[in-house]
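The values are calculated or read from the model by the stated rules, or taken from the named source; none is laboratory data. Just so it is clear, the model here is predicted, and its values are computed rather than measured. Note that each Cβ is placed from the backbone with ideal geometry, even for glycine, and that neighbours are counted across all protein chains shown. For accessibility, only protein heavy atoms count, side chains too; no ligands or nucleic acids. Shrake-Rupley method; radii C 1.70, N 1.55, O 1.52, S 1.80 Å.
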Amino acid sequence: MKRLLFFLLATCPLMASAQSEKNVTLDEVTVKGARIVQKVDGKWIYPTEQQIAASPNGYSLLAKLALPHIRVDEAMSSITALTNLGTVQVRINGIVATREDLQTLDMQGVEHVEFVDNPGVRYGEGVAYIINIKVKKPIGGYVLGTQLTNALTTTNGSEALYGKVNHGRSELALSYGLDYHNFGGQAYDQIARYELESGDVVTMHRQSQRIRSRNLSHNAQLTYSLSDSSYVLQAKLSGSTSIRPQRRDAEMLMNGTPYDEHSSSRTGTPSLDVYYHQDFRRHQSLTANMVGTYIRTTGDVENNEGSIYRYTTDGKTWSLWSEAVYENRLKPFTLSSGLQFGQRYSHNVYRGDAEAVNDMHASSLYLFSQLKGRLGNLSYMGGLGASRRYYRQGAVHDDFWLFRPKFTVSYPLASRLKLKYDFEISQHVSQIALVSDVSIKQNSMETILGNPEIRPNRVTSHHLALTYSSPRFTSELQGYYRINSHCNMEKYIRQDGHFYQTQTNADNECNFFYVNSYNQWDIIPDKLTATLYGGIYRFFNYGEDYTHTYTSFNGGCSLQAYLGSWTLGAYADNGWNFMEGEHRGHQAPAWYLTCNYRVSPALSLSLYAQHPFSQHPLTNKTEVVSRYVQKEIAQHYRDYGNMITLKLTYRLDRGRRYRDIQRTMNHSDSETGILQSN
């Protein structure tokens, strides 16, 4: 009943009285006094002065905007997409941003935020949401700053120092960060049932007695850029490494019998990113970007359930990624065309009980062309992407082409009411680790198998949205349907009393649809804003020998109050509940309280309360409903319960002056290709 009431509230638009304000005119629509401007691929959001002044960094600003399907955790500096549509990508002036970029974002130069919930073929595959923060370019002065973030109830923190100097066309920026945690309050509980060939069922209850997780790492980046009104040349050298290995030690029980688990890993990642943008004749531009990355990973894993099982990993990955994009802003449309090229080589050595040498060569070439414009009141965006993928691992190799047509139309039914439809066919390519020919023992009954025979699968999606916008109220009702044909899905193989978990995509189909409503209301303009969203989701999974369906409700709400130097906020959602293959996942619910006090323009203090009134909040829950294996897994974290975090932000700047938008970039690689146990 509570879920039904929540859904009715989320799907019934709140009636808000419109106030007479100035007209805001932008190239696609005109809305009186609106801070949100609807676009064919998403929306532009213009933060208020109060929101910018009350935001010490980019994470804080995005949290206050309450973007649909996006969870922003200011204390942990994380952004999560609360759907199963793909990843969320944050950019600054069009280029992928690091966590350090958001933490050191120049808030004084923020113009607006472009939220793209319908990315075109320009962004490649697997990206569901784009958040692009547009920032003015400083042309003089300097800025020095620090952000000190520390939990008061447990050992967890992130410290950052940064500095930027601008002189004429040049900018030099340097940042350094230190991250650490020492958690000892994780609780793990698993009940697993295994059906043997004889028909007997073996039940195992695995639970933790003590789990400790530790990490200490640092990262730095150095950026130099040279630009004027027509070009930008920028180079960034960045690197991160573990000061101490990331380590996890667990004392476990299996049906009352004690055993232990240990794992540690160390990663080092230097990356060089060179970017160039040139404008020609005002309406034409050329963008080029090249990124080289090296990743070194070492690890040690030990699982002593039943018998000692231990292996070490030593991995090296070299990658080169490049892009060139031509854009011509004609009337009445904009033409974008370009290509992306990637080359990656991974050499991963497994020693011990998982003895293997895994060499993988992969390359990709992606070509795309896109038109975006208007025909009268009709806005449209259409394009085609085509990619060639090459893959080689030992005797297994493949070479194939993938195509991605995409078309979007948007039409205003009334002055404040707009209808939008999007159609797309794309291909999904599995992660490198899943296609490796390595096997990793997970416990005494299960082993994970990589499958080099996995092939890309076709994804077809339909998206229909109806949006109402007024100066103080925005409401969106949308329906979405996705078909995943011959998709990569989990499968358990039973052999000699042991169970092998692998991935296949023979005759599988994984489909889902949802109906969702998002509503945002400025109850008191520039003082009090409320957001409410929710929807019904339905999942259909058709495997080679099973059919699984699941219905869930996903929703949340937030409230922001601006009281002079004080800013108060509250956020809550019920997580993301979904089913894929034989896994039913329950992403943990989250609820936060935030308080920010602006002592001066240079100094602010923020206090975050995560999961208040909860001693051991749920962090993850998973169910496996295979024919031969059934599991119920729950994880709780005491350290996240009633977690209080204090953040101090200080910024000293002199002589700052701004002009046109400047682009920054980061496209460093992060995929190692190492197969790991769950």
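Conditions (1) within 27 Å of Gly168 (Cβ to Cβ); (2) surrounded by fewer than 20 Cβ atoms within 10 Å (Cβ to Cβ), marked per residue:
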| residue | (1), (2) |
| --- | --- |
| Gly86 | no, yes |
| Thr104 | yes, no |
| Phe115 | no, no |
| Asn118 | no, no |
| Ile131 | no, no |
| Lys134 | yes, yes |
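Give, as residue ranges, the strands (runs of 3 or more DSSP E) completely inside the stretch 77-149 that count at least 1 residues that are in contact (Cβ under 8 Å) with a residue 40 or more places away in the chain and more than 13 Å from the chain's Cα centre (by Cα).
Hits in the stretch 77-149: 87-92, 110-116.
Looking at (1) part of a loop (DSSP other than H, G, I, E, B); (2) closer than 30 Å to Pro525 by Cα; (3) out of contact with any strand residue (DSSP E or B) (no Cβ under 7 Å at 6 or more places or on another chain), find the lone condition where Tyr562 falls short.
Result: Tyr562 passes all but (1).
A quick yes/no check of all residues on (1) outside any strand (DSSP E or B); (2) touching a residue at least 40 places away in the same chain (Cβ under 8 Å); (3) surrounded by fewer than 16 Cβ atoms within 10 Å (Cβ to Cβ); (4) in contact with a Pro (Cβ under 7 Å, 6 or more places away or on another chain):
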{"residue": "Ala354", "(1), (2), (3), (4)": "yes, yes, no, no"}
{"residue": "Met360", "(1), (2), (3), (4)": "no, yes, no, no"}
{"residue": "Lys372", "(1), (2), (3), (4)": "no, yes, no, no"}
{"residue": "Tyr380", "(1), (2), (3), (4)": "no, yes, no, no"}
{"residue": "Gly385", "(1), (2), (3), (4)": "no, yes, no, no"}
{"residue": "Arg388", "(1), (2), (3), (4)": "no, no, yes, no"}
{"residue": "Arg404", "(1), (2), (3), (4)": "no, yes, no, no"}
{"residue": "Thr408", "(1), (2), (3), (4)": "no, yes, no, no"}
{"residue": "Leu419", "(1), (2), (3), (4)": "no, yes, yes, no"}
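Looking at the structure I just gave you, is Gln478 assigned to a strand (DSSP E or B), at pLDDT 85 or above and under 30 Å from Cys557 (Cβ atoms)?
yes
Here is a list of conditions, (1) surrounded by 15 or more Cβ atoms within 10 Å (Cβ to Cβ); (2) touching a Leu at 6+ places or on another chain (Cβ under 8 Å); (3) not hydroxyl-bearing (Ser, Thr, Tyr), and Gln186 meets all of them except one; can you say which number that is?
(2)
Need the failing condition index for Tyr550 against (1) within 20 Å of the chain's Cα centre (by Cα); (2) within 30 Å of Gln501 (Cβ to Cβ); (3) not polar (S, T, N, Q), just the number.
The number of the failed condition is (1).
Considering only the stretch 151-176, state which residues are outside any strand (DSSP E or B) and on the phi < 0 side of the Ramachandran plot.
Leu152, Thr153, Thr154, Arg169
Does the stretch 434-442 contain any residue that is farther than 21 Å from Cys510 by Cα, of a type in the set (Ser, Thr, Tyr) and not in a strand (DSSP E or B)?
So far as the stretch 434-442 goes, yes, one or more of its residues are farther than 21 Å from Cys510 by Cα, of a type in the set (Ser, Thr, Tyr) and not in a strand (DSSP E or B).
Checking the structure you have, find out if any residue of the stretch 111-120 is under 24 Å from Tyr537 (Cβ atoms), touching a Phe, Trp or Tyr at 6+ places or on another chain (Cβ under 6 Å), of a type in the set (Asp, Glu) and at pLDDT 85 or above.
yes
Consider Ala414 against the criteria (1) over 15 Å from Lys43 (Cα atoms); (2) assigned to a strand (DSSP E or B); (3) aliphatic (A, V, I, L, M): it satisfies all of them except one. Which criterion is unmet?
(2)
Kindly check whether there is at least one residue in the stretch 573-580 that is in contact (Cβ under 8 Å) with a residue 40 or more places away in the chain and farther than 30 Å from Gln503 by Cβ.
no
Could you grab me the full set of residues in the stretch 471-490 that are crowded, with 22+ Cβ neighbours inside 10 Å, under 26 Å from Cys510 (Cα atoms) and touching a residue at least 60 places away in the same chain (Cβ under 8 Å)?
Asn488, Met489
So in the stretch 521-536, with the set limited to residues that are crowded, with 22+ Cβ neighbours inside 10 Å and in contact with a Lys or Arg (Cβ under 9 Å, 6 or more places away or on another chain), which one is nearest to Tyr562 (Cα to Cα)?
Once the filter is applied, the top-ranked residue is Thr529.
Given the residues Leu222, Leu196, which is the only one that is within 30 Å of Ser170 (Cα to Cα) and either touching a residue at least 60 places away in the same chain (Cβ under 8 Å) or open to solvent by 50 Å² or more (accessible area, probe 1.4 Å) (or both)?
Step by step, each of Leu222, Leu196 is checked, and only Leu222 is within 30 Å of Ser170 (Cα to Cα) and either touching a residue at least 60 places away in the same chain (Cβ under 8 Å) or open to solvent by 50 Å² or more (accessible area, probe 1.4 Å) (or both).
Does Glu302 qualify as being surrounded by 15 or more Cβ atoms within 10 Å (Cβ to Cβ), among the acidic types (Asp, Glu) and within 27 Å of Val438 (Cβ to Cβ)? If you could, list the steps in order and put the result at the bottom.
Numbers: surrounded by 15 or more Cβ atoms within 10 Å (Cβ to Cβ): yes; among the acidic types (Asp, Glu): yes; within 27 Å of Val438 (Cβ to Cβ): yes.
It is true that Glu302 is surrounded by 15 or more Cβ atoms within 10 Å (Cβ to Cβ), among the acidic types (Asp, Glu) and within 27 Å of Val438 (Cβ to Cβ).
Restricting to the stretch 330-352, and then to whatever is loosely packed, with under 15 Cβ neighbours inside 10 Å and of a type in the set (D, E, K, R), can you tell me which residue is farthest from Lys316 (Cα to Cα)?
Filtering the stretch 330-352 for residues that are loosely packed, with under 15 Cβ neighbours inside 10 Å and of a type in the set (D, E, K, R), the one farthest from Lys316 (Cα to Cα) comes out as Lys331.
Hey, does the stretch 145-163 have a residue that's buried (at least 17 other Cβ atoms within 10 Å of the Cβ), among the small types (Gly, Ala, Ser) and in contact with a helix residue (DSSP H, G or I) (Cβ under 7 Å, 6 or more places away or on another chain)?
yes
Looking at (1) touching a residue at least 60 places away in the same chain (Cβ under 8 Å); (2) touching a Gly at 6+ places or on another chain (Cβ under 6 Å), which one does Asp273 not meet, given that it meets all the others?
(2)
I'd like to check which strands (runs of 3 or more DSSP E) are fully inside the stretch 571-632 and have at least 1 residues that are crowded, with 16+ Cβ neighbours inside 10 Å and of a type in the set (Phe, Trp, Tyr).
577-580, 590-598, 603-610
Quick grid of which residues meet (1) of a type outside the set (Asp, Glu); (2) open to solvent by 50 Å² or more (accessible area, probe 1.4 Å); (3) farther than 26 Å from Lys316 by Cα; (4) part of a strand (DSSP E or B):
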| residue | (1), (2), (3), (4) |
| --- | --- |
| Glu424 | no, no, yes, yes |
| Tyr500 | yes, yes, yes, yes |
| Gln503 | yes, no, no, yes |
| Phe512 | yes, no, yes, yes |
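I'd like to verify a number: residues in the stretch 19-63 that are modelled with pLDDT of 50 or more, closer than 28 Å to Tyr421 by Cα and either open to solvent by 10 Å² or more (accessible area, probe 1.4 Å) or in a strand (DSSP E or B) (or both), how many?
The qualifying residues number 13.
Is it the case that Lys647 is open to solvent by 10 Å² or more (accessible area, probe 1.4 Å), assigned to a strand (DSSP E or B), of a type in the set (D, E, K, R) and modelled with pLDDT of 90 or more? Break it down into steps so the answer makes sense when it comes.
Numbers: open to solvent by 10 Å² or more (accessible area, probe 1.4 Å): no; assigned to a strand (DSSP E or B): yes; of a type in the set (D, E, K, R): yes; modelled with pLDDT of 90 or more: yes.
In short, no.
Go over the candidates Val274, Val291 one by one and state the one that is under 29 Å from the mean Cα position of the chain (by Cα), of a type in the set (A, V, I, L, M, F, W, C) and open to solvent by less than 40 Å² (accessible area, probe 1.4 Å).
Matching residue, one of Val274, Val291: Val291.
Restrict the check to the stretch 652-672 and report whether at least one residue is charged (D, E, K, R), modelled with pLDDT of 90 or more, open to solvent by 40 Å² or more (accessible area, probe 1.4 Å) and outside any helix (DSSP H, G or I). Full working, then the answer.
Taking the stretch 652-672 as the starting set, the residues that turn out to be charged (D, E, K, R) are 653-654, 656-657, 659-660, 663, 669, 671.
From the residues that got through so far, the ones that are modelled with pLDDT of 90 or more too are none.
No; the residues of the stretch 652-672 include none that is charged (D, E, K, R), modelled with pLDDT of 90 or more, open to solvent by 40 Å² or more (accessible area, probe 1.4 Å) and outside any helix (DSSP H, G or I).
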